Structures are given as C-alpha cells and as structure tokens.
1. Rounded, prolate or oblate, given the Cα gyration tensor of the stretch 1-125, with a/c below 1.5 counting as rounded?
2. With unit charges on the beta carbon (Lys/Arg positive, Asp/Glu negative), name the residue among L230, T68, N188 whose Cα is farthest towards the positive pole of the charge dipole of the chain.
3. Would you mind ranking K314, K35 by Cβ crowding within 10 Å, fewest neighbours first?
4. Given points 7 Å out from each Cα along the Cα-Cβ axis, report the I104 to D6 separation in nanometres with one decimal.
5. Would you count, across the chain, every pair of lysines whose alpha carbons are under 28 angstrom apart, provided the pair is eight or more residues apart or spans two chains?
6. Which of I117, I179, I135 has the fewest other C-beta atoms within 10 Å, and how do the rest follow up to the most?
7. Name the residues whose placed amide hydrogens come within less than 5 Å of the amide hydrogen of N126, ignoring near sequence neighbours (fewer than 5 apart) on the same chain.
8. With charges set only on the Cβ (+1 for Lys and Arg, -1 for Asp and Glu), what does the dipole of the chain come to about its Cα centre, in debye to the nearest 20?
Amino acid sequence: MNNLIDIPWPEILTPLAGALLVSLIGTPILIRLAKRWKIFDWPGGRRIHTRPTPRLGGIVLYLAVIVTLLFVFGFDPRMYGLLIGVSLMFGLGLLDDIYQLPPIFKLLAQLLIASIIVMFGITIGNLTNPLGGTILLPPALDVLLTIIWILLIVNTINWLDGLDGLAAGVSAIASLILIVLSLFAIVNQPETATVAAIVLGASVGFLFYNWHPAKIFMGDSGSYILGFMLATIAIISGGKLATAALVLGLPILDLFWAVFRRIWRGRAPWQADKEHLHHRLLEVGLSQPTVVLILYAFAIVFGMIALLSGPTIKMVAFILAVLVMVTIVKIIISRQKRSRE
C-alpha cells in the first residue's frame, strides 16, 4: 500500500476553500445576471430539462480556477501552460455556448489548444508497464498521446454534462482522487495536489447550484475547463493516467461507444443524440438524481481501486469496467425491448 507524505494541509485547504468560496458566492450572482439578461438554456430537442435554466456557469468555474491559481502561484512560469490552456479552453467553450459553433471547428480548436500546451512542456513522457517498469515514449508519440489524452478527457467531461450535477460531481470525485495520488510518497507532488484542490473547490461550489433541479448549467465553457484541468493534472502528477482513466472509466467507454455507434449508423461521430449511458438509464425509469448517484458510485469505487492497487490490477479493473458497461447496456436494451412488446 502507498504511504502518504506529511500532508501540507494549508497548501491544500486554503486554495480549496478559496475556489469553493468564489464558486459559492459567484454562482448565485451569475444566476441573477443571466435571468436579468435572459441568458437561458431553453427546453426542447435533446435537452431533458423542462424549464428555461440560466447557462454560462463556466464563467464562475473559470473565475474560481484562475483567480485561485493566480493567488496561490502568481505568474509562476511553471504555470504558464496551465493558465494559457485553461483560458483558451474557456474561451472556446464560451464562444460555443453563445454562438453554437460547428462540431468540427470545436474539435480542431481543441486540437490546436492541446498542441499549444505541449509546447509548454506538458507531456506524458512515459507510461507504466503493467508487467513492470516504465515505457519511455519517443518524442513524436509522446506529443501525439498527450494531445489525444487531453481531447479525450475534455470531451468525456463535456458529454457527461447531460444531467444535473453529473459533470461537476464526477469532476469533484476525480479531483479528490488526484489529490490523494499526488500526496503518495512515490509521487510526492504537493503542488499538483494544490491544483487539484482548486478544481475540487470550484466543482463542489458549483454543484450546490447545479444539483437537480439545476438552477444553472455550466455549458461547454465549464465542462471544457474541468476536462482540461483533470487531463493536465493527471499528466503532471507523475503521469498517472491510469488512475484518471479508471475514475472516468464508464464515461470514457460511453464516449467510445457513442462514436462507434454513430459511425456504424453512417452518422458523424460528433452528431449528438440521446443514447448516452445516462440517457438510457433515465429511459428505464430511474430519476436524474438516482442515475447521477449511480455514476458517482462507479467513479468512487474505481477511483479507490486505482489508488490502492498496482498497474496489473488497474488493467483488470478497466476490463471489469468494460464488462460492467456492456452488461448495463445489454440489460437496458433488453428491458426496452420487453417494454415495447
């Protein structure tokens, strides 16, 4: 079992509290402004909410993250990549929230932002070999895998943002797991734990207003911020991608399944639908809070497995996540068929 370092509590709790307060105080202000300016996410189409709900919650998440980062680290050159990356992702998401950008444009813009981040030295570097040791990545492959990882996590959190409290809550759980990971003696990165604590505080503060029935939605601007921060923290916390991948195991698998499903049906992989795992769970009669809590539970369980196990068990756990995903989908499809008969 991994041992924790002597935990620098002020370095963890102070930024956590700061981001939490910004989020808690800023969100109701933004809700009032959105109502005054009639900035709503209207019901209809793929949306499952039934009343106009203020959006652009990503503005508060961005302020909570960026203000706290600057307060703690200032303009530390080591943070330039993180500060620039989260700002660019926020800007892209905000433009999409306002103007509904074409999906292919968003994907290309994300690719460009991820490439810029790599230029600041944020790369995976090496991967843990499940059979022992590490695999040093060649530079070209290192860059490619880093970009793919950032795009994967950003879009995973974005696609999670379909139920009240789901993206914010899962991001909070992932942040907490990454805090503990960074404080393991074998990793020993208290500064990385500090960054993760900022994401945790921002997510929990926003969750108070985003829990069902949501008083505000985070929009793409919010989900892009959380996804980018989680992807980057996983890279810099000793390259522990497997831990983050396990916490987000079911959502990641759901993303791959959605892409495969759409391509199989002759549609563009980014063409939205209402067949994500959380949508299917709603269709069998579960309430929004119940579905969200189920997905929280999976994130917590797989996160704990990731923290308390070695590379081989993590691989086994991920295979288990695949089996769980397949089983859930098969049960849902079977129940839907019976209900139509």
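1. Details: a/c = 2.16, a/b = 1.36, b/c = 1.59.
Because a/c hits 1.5 or more and a/b fails to exceed b/c, the stretch 1-125 counts as oblate.
2. L230
3. K35, K314
4. For the pair I104/D6, the computed spacing is 5.8 nm.
5. 14
6. I135, I179, I117
7. L137
8. On the way: 24 positive and 16 negative charges, 274 e Å.
Approximately 1320 debye in magnitude.
None of the figures in this text is laboratory data; all of them are computed from the coordinates on show. Here the structure is a predicted model, which is why all the values come from computation and not from measurement. Neighbour counts run over all protein chains shown; Cβ positions are idealised from the backbone, glycine included.
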